[in-house]
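To start, the structure itself, in structure tokens.
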Amino acid sequence: MNQVDYLRISLIDRCNFRCQYCMPEGAELNYILKQQLLTDEELLTLIQEVFIPVGFSRFRLTGGEPLLRPHVVELVGAIASLPQTQDLSMTTNGFLLAPIAQKLYDAGLRRINISLDSLEADTFDLIIGNRGRGRWQQVWDGIQAAHRVGFDPLKLNVVVIPGVNDHEVLNLAALTLDRNWHVRFIEFMPIGNEQLFGDRGWVTSAQLRQQIRDRWGLTDSQVRGAGPADVFQIPGAKGTLGFISQMSECFCDRCNRMRLSADGWLRPCLLNEAGQIDLKTALRSGVSTAQLREQVKHLLDIKPEINFKGRDPGTVGTYTRTMSQIGG
Ligand code: SAM
Ligand code: SF4
């Protein structure tokens, strides 16, 4: 059985973008009220007294948009300084990154993934649902700041939507030619905006690779990292190309992660809502961390049965949380 040692922690469900593929168009999201969010202290207690003792050592901070979380730099510092933290990373849309990239690095963050679905300002604004507000440049500045500060690896996440940004696949892949960046194409999933998924469909990693191979060639030697991406390289390029193919290829067998929502729900599988534990309510009602450890251990034991394995992700059915609420 795969060791589950990686926790994705959503710091906040709010977001300053409204990406088409992540949030239902025009939807009124019921944001978690401030008093329902795990406090910094509660989160640190859970990490130190529950997650680390049961074997988690790698943490990714995500959102919504994690940089909207008050005191995010201090929180990064507190998690990074725990001796058992082997790896701390963040997934962000990069909009608020430039001014605090150095502070995050100094606080101990070393790995960062930034979502960048387009190199065209207009297409970008269309995707993030803030048309006319010129946000692309500010995100690009965030990426440049992260690069200058020394985040390594610097990863860019791309979700390809047919008819929206699929004409940019080669331009996005070309970013790796003379930069040591990792551009990762994530297959669009029907979570968050099923309507768009139904209308537009999705592009498989194999199709994307074929486009890139036709233009430059692509190394056959497939490296499998610790995560779900299959990693390739354009011959002679400095950076790499990753493909996350959860729609076309089931990788539940090698799933090494769980997800903690900003309001303290521990979720064992992205594609199955079964088995979740409300850790925050338990903690606030006086359940001891020793008891919580037992509950999490039990969840780890039964996770293989909960994993979505072998089913068609196109039929994930009704979802009570959007991707921005789960954290991706
Ligand atoms: N706001 C941050 C960001 O955009 O990077 C972090 C949260 S976001 C939910 C995490 C990741 O989930 C992003 O890389 C985003 O592209 C991805 N994502 C969101 N909705 C998705 C969908 N329907 N299918 C595939 N990936 C999705
Ligand atoms: Fe916000 Fe990230 Fe979702 Fe875009 S993908 S709406 S930036 S949470």
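Every number here is computed from the coordinates shown, using simple stated rules; none is lab data. As the structure is a computational prediction, the values presented were derived from the model and not from experiment. Here the Cβ is made from the backbone with ideal geometry for all residues, glycine too, and neighbour counts use every protein chain on show.
Which of the residues that make up the stretch 74-99 are closer than 17 Å to residue 135 by Cα, crowded, with 16+ Cβ neighbours inside 10 Å and either of a type in the set (Ser, Thr, Tyr) or without any contact (Cβ under 8 Å) to a residue 60 or more places away in the chain (or both)?
Those that are closer than 17 Å to residue 135 by Cα, crowded, with 16+ Cβ neighbours inside 10 Å and either of a type in the set (Ser, Thr, Tyr) or without any contact (Cβ under 8 Å) to a residue 60 or more places away in the chain (or both): 92, 94, 97, 98.
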Report summary line: Of the candidates 61, 104, the one satisfying the condition of being in contact (Cβ under 8 Å) with a residue 12 or more places away in the chain, over 17 Å from the mean Cα position of the chain (by Cα) and within 15 Å of ligand 1 (Cβ to nearest atom) is 104
Report task. Please work out if residue 134 is over 20 Å from the mean Cα position of the chain (by Cα), farther than 26 Å from residue 190 by Cβ and not hydrophobic (A, V, I, L, M, F, W, C). Result -> yes
Query - Complete set of residues in the stretch 233-259 that are of a type in the set (A, V, I, L, M, F, W, C), without any contact (Cβ under 8 Å) to a residue 60 or more places away in the chain and farther than 14 Å from residue 172 by Cβ - result: 251, 252
**Report entry** Residues located in the stretch 36-78, provided they are within 16 Å of ligand 2 (Cβ to nearest atom) and under 20 Å from residue 321 (Cα atoms)
**Finding:** 37, 60, 61, 62, 63, 64, 65, 66, 68, 69
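Which residue is nearest to residue 186 (Cα to Cα), if the candidates are limited to the stretch 251-262 and must be surrounded by fewer than 19 Cβ atoms within 10 Å (Cβ to Cβ) and not basic (Lys, Arg)?
251
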Query - Check on residue 112, closer than 24 Å to residue 180 by Cβ, among the β-branched types (Val, Ile, Thr) and within 16 Å of ligand 1 (Cβ to nearest atom) - result: yes
Query raised in the report: Looking at (1) crowded, with 16+ Cβ neighbours inside 10 Å; (2) out of contact with any Cys (no Cβ under 9 Å at 6 or more places or on another chain); (3) not aliphatic (A, V, I, L, M), which is the one condition that is false for residue 71?
Result: (1)
Report summary line: residue 49 passes all but one of the listed conditions (1) within 20 Å of residue 16 (Cα to Cα); (2) not in a loop (DSSP other than H, G, I, E, B); the exception is number (1)
**Report entry** Counted residues, the stretch 190-209 - those being of a type in the set (Val, Ile, Thr) and within 15 Å of ligand 2 (Cβ to nearest atom)
**Finding:** 1
**Report entry** Selection within the stretch 110-143 - in a loop (DSSP other than H, G, I, E, B) and either more than 26 Å from residue 71 (Cβ to Cβ) or in contact with a Leu (Cβ under 6 Å, 6 or more places away or on another chain) (or both)
**Finding:** 116, 117, 118, 119, 120, 129, 131, 132, 133, 134
Requested in this report: Filter the stretch 1-16 for residues that are within 15 Å of ligand 2 (Cβ to nearest atom) and either within 24 Å of residue 290 (Cβ to Cβ) or crowded, with 20+ Cβ neighbours inside 10 Å (or both) and give the result.
Outcome: 8, 9, 10, 11, 12, 13, 15
Query - Flag if residue 70 is in contact (Cβ under 8 Å) with a residue 24 or more places away in the chain and not in a helix (DSSP H, G or I) - result: no
Report summary line: Within the stretch 159-197, residues more than 24 Å from residue 15 (Cβ to Cβ), of a type outside the set (A, V, I, L, M, F, W, C) and in contact with a helix residue (DSSP H, G or I) (Cβ under 8 Å, 6 or more places away or on another chain) come out as 179
Query - Search result, residues across the stretch 18-44 that are crowded, with 16+ Cβ neighbours inside 10 Å and either in contact with an Asp or Glu (Cβ under 7 Å, 6 or more places away or on another chain) or closer than 21 Å to residue 76 by Cα (or both) - result: 31, 32, 37, 38, 40, 43
Query raised in the report: In this structure, is residue 214 more than 16 Å from ligand 2 (Cβ to nearest atom) and without any contact (Cβ under 8 Å) to a residue 40 or more places away in the chain?
Result: yes
Report task. Pick out the one residue from 7, 38, 33, 11 that is away from ligand 1 (no atom under 16 Å from the Cβ) and either under 30 Å from residue 165 (Cβ atoms) or touching a helix residue (DSSP H, G or I) at 6+ places or on another chain (Cβ under 8 Å) (or both). Result -> 38
